[in-house]
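One structure below.
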Amino acid sequence: MNLETLLQKVNRQPTETVTVAHAVDPSVFFTAERAIEKNMASFIFTGPREEMEEAAKKAGFSFRSDSRVQWVNTLDEKSSANKAIELINDNHASVLMKGMLPTSVLLKAVLKKEGGLRTGNILSHVAGFSLPHRNKLLFITDSAMNISPDLADKTAIVQNAVTAVKSMGVSNPKVAILAAVETVNTNMPATLDAAALVQMSIRGQINDCVIDGPLGFDSAVSLESAEQKNIQSSVAGKADILLVPSIEAGNILYKSLTYFGGATVGGILVGARVPVVVSSRSDSVESKLFSLAMAISSNIAKK
């Protein structure tokens, strides 16, 4: 599955409603314009009405009076986030998108014990990469949420990613557990966790995927590298999902693929009641559409 296939899949599905928390930046409306044109989604924007109108005007947003757009006036960032989540809890929207507010403010609202979007699952980040010389999408988890996950966390992070990626159309995804080497080394905890995760998968403790590791990045994504190292694996060289050992490793890999690999990147938080799009202001419209497509397809699969 490539990016175009994912976008086409979303276009064929019933339109979902996205609520944007604190939509006071033109970049939000550039993205919404394209998404509505592609019949990907309807939108409910929350934020101070005058600021939203000004941002929409700057973006040349042409759907201000369209039936697929609603406006909810709020006072500030906190009330915008709370209102967006209230709209989801009242079944008026099915995807949450970050507008122009700090991620910490949005997450505080998401994780509230009363009125939030908790499910009991760990909240984790799944990044999707459309790379120039790769004919299918590559997914990385977790490069943005969990700092130093232990084995229990990694188990939940993998299951979150598998569920999301399957919903996007990848059946029985191949998961590579990344480390610096391909052998188990007691001095390298990431390799011990990798070996444990493989056994857990074999015994049915992690479902709907094939797992192998420890694997280096090269042997996870390159058949040539895997063959040169004589690695016999159904995952090596063909991985769909890469589990990184820490947020530092994930962040470096994420930015390397973006800046030097020429990737178009999408990203969502999973594990809450609905997918959460947390694109940054500097992301391109194409990247934000990618994130929306990931979120929408993940949400449709839950229904």
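The values are calculated or read from the model by the stated rules, or taken from the named source; none is laboratory data. Predicted model only: the values in this text are computed from it and were never measured. Cβ: placed from backbone, ideal geometry, glycine included. Neighbour counts: every protein chain shown. With ligands, DNA and RNA removed, areas are computed over all heavy atoms of the protein, side chains included. Shrake-Rupley method; radii C 1.70, N 1.55, O 1.52, S 1.80 Å.
Working only within the stretch 263-282, note down all residues that are open to solvent by 50 Å² or more (accessible area, probe 1.4 Å) and either more than 25 Å from Glu37 (Cα to Cα) or free of Cβ contacts under 8 Å to residues at least 40 places away in the same chain (or both). Before the answer, list the steps.
Pass one, the stretch 263-282, residues open to solvent by 50 Å² or more (accessible area, probe 1.4 Å): 273, 281-282.
Arg273, Ser282 - these are the residues of the stretch 263-282 that are open to solvent by 50 Å² or more (accessible area, probe 1.4 Å) and either more than 25 Å from Glu37 (Cα to Cα) or free of Cβ contacts under 8 Å to residues at least 40 places away in the same chain (or both).
Scanning the stretch 283-303 for residues that are open to solvent by 10 Å² or more (accessible area, probe 1.4 Å) and of a type in the set (Val, Ile, Thr) yields Val285, Ile300.
Number of residues in the stretch 68-83 that are open to solvent by 10 Å² or more (accessible area, probe 1.4 Å) and not in a strand (DSSP E or B): the value is 9.
Could you give me the residue pairs with C-beta distances under 7 Å whose first residue belongs to the stretch 170-193 and is at positive phi, whose second residue is surrounded by fewer than 22 Cβ atoms within 10 Å (Cβ to Cβ) and of a type in the set (Val, Ile, Thr) wherever it lies, and which are 6+ apart or on separate chains? That search, which allows pairs on different chains as well, returns Asn172/Val210.
Of all residues being hydrophobic (A, V, I, L, M, F, W, C) and assigned to a loop (DSSP other than H, G, I, E, B) in the stretch 187-216, which is surrounded by the fewest Cβ atoms within 10 Å (Cβ to Cβ)? Just the residue, please.
Here is the first cut: in the stretch 187-216, the residues hydrophobic (A, V, I, L, M, F, W, C) are 188, 190, 192, 194-198, 200, 202, 206, 209-211, 215.
Going one step further and asking which of them are assigned to a loop (DSSP other than H, G, I, E, B), we end up with 188, 206, 209.
Details: Met188: 16, Ile206: 20, Cys209: 22.
The selected residue is Met188.
Residues to consider are Ser233, Ser225, Ser219; find the one that is farther than 16 Å from Lys174 by Cα and open to solvent by less than 40 Å² (accessible area, probe 1.4 Å).
Details: Ser233 fails: farther than 16 Å from Lys174 by Cα; Ser219 fails: farther than 16 Å from Lys174 by Cα.
That would be Ser225, the only listed residue that is farther than 16 Å from Lys174 by Cα and open to solvent by less than 40 Å² (accessible area, probe 1.4 Å).
Checked against (1) out of contact with any helix residue (DSSP H, G or I) (no Cβ under 8 Å at 6 or more places or on another chain); (2) assigned to a loop (DSSP other than H, G, I, E, B); (3) at pLDDT 95 or above, Lys238 meets all criteria but (1).
If the condition is being within 26 Å of Asn11 (Cβ to Cβ), assigned to a strand (DSSP E or B) and not hydroxyl-bearing (Ser, Thr, Tyr), then the stretch 30-65 contributes Ala41, Phe43, Ile44, Phe45. So Glu86 fits all but one of (1) more than 22 Å from the chain's Cα centre (by Cα); (2) modelled with pLDDT of 95 or more; (3) open to solvent by 70 Å² or more (accessible area, probe 1.4 Å); what number is the exception? With (1) more than 22 Å from the chain's Cα centre (by Cα); (2) modelled with pLDDT of 95 or more; (3) open to solvent by 70 Å² or more (accessible area, probe 1.4 Å) applied to Glu86, the lone miss is (1). For first residues located in the stretch 226-255 and closer than 19 Å to Lys154 by Cβ, partners that are of a type in the set (Lys, Arg) and modelled with pLDDT of 95 or more and lie 6+ apart or on another chain with Cβ distances below 7 Å form the pairs Val235/Lys174; Ala239/Lys174; Asp240/Lys174; Leu243/Lys154.
Do we find a residue being touching a Phe, Trp or Tyr at 6+ places or on another chain (Cβ under 6 Å) and closer than 23 Å to Ile252 by Cα anywhere in the stretch 112-123?
At the first step, the residues of the stretch 112-123 found to be touching a Phe, Trp or Tyr at 6+ places or on another chain (Cβ under 6 Å) are none.
Within the stretch 112-123, none of the residues are touching a Phe, Trp or Tyr at 6+ places or on another chain (Cβ under 6 Å) and closer than 23 Å to Ile252 by Cα.
Filter the strands (runs of 3 or more DSSP E) completely within the stretch 89-175 down to those with at least 3 residues that are open to solvent by less than 70 Å² (accessible area, probe 1.4 Å) and within 23 Å of Asp208 (Cβ to Cβ). Write out each step before concluding.
Details: elements: 95-98, 124-130, 138-141.
In the stretch 89-175, 124-130, 138-141 are the strands (runs of 3 or more DSSP E) which contain 3 or more residues that are open to solvent by less than 70 Å² (accessible area, probe 1.4 Å) and within 23 Å of Asp208 (Cβ to Cβ).
Conditions tested, residue by residue: (1) open to solvent by less than 30 Å² (accessible area, probe 1.4 Å); (2) without any contact (Cβ under 8 Å) to a residue 24 or more places away in the chain; (3) over 19 Å from Val274 (Cβ atoms); (4) not hydroxyl-bearing (Ser, Thr, Tyr).
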position: Thr5; (1), (2), (3), (4): no, no, yes, no
position: Val10; (1), (2), (3), (4): yes, no, no, yes
position: Val20; (1), (2), (3), (4): yes, no, no, yes
position: Phe29; (1), (2), (3), (4): yes, no, yes, yes
position: Ala35; (1), (2), (3), (4): yes, no, no, yes
position: Ser42; (1), (2), (3), (4): yes, no, no, no
position: Pro48; (1), (2), (3), (4): yes, no, yes, yes
position: Ala56; (1), (2), (3), (4): yes, no, yes, yes
position: Asp66; (1), (2), (3), (4): no, no, yes, yes
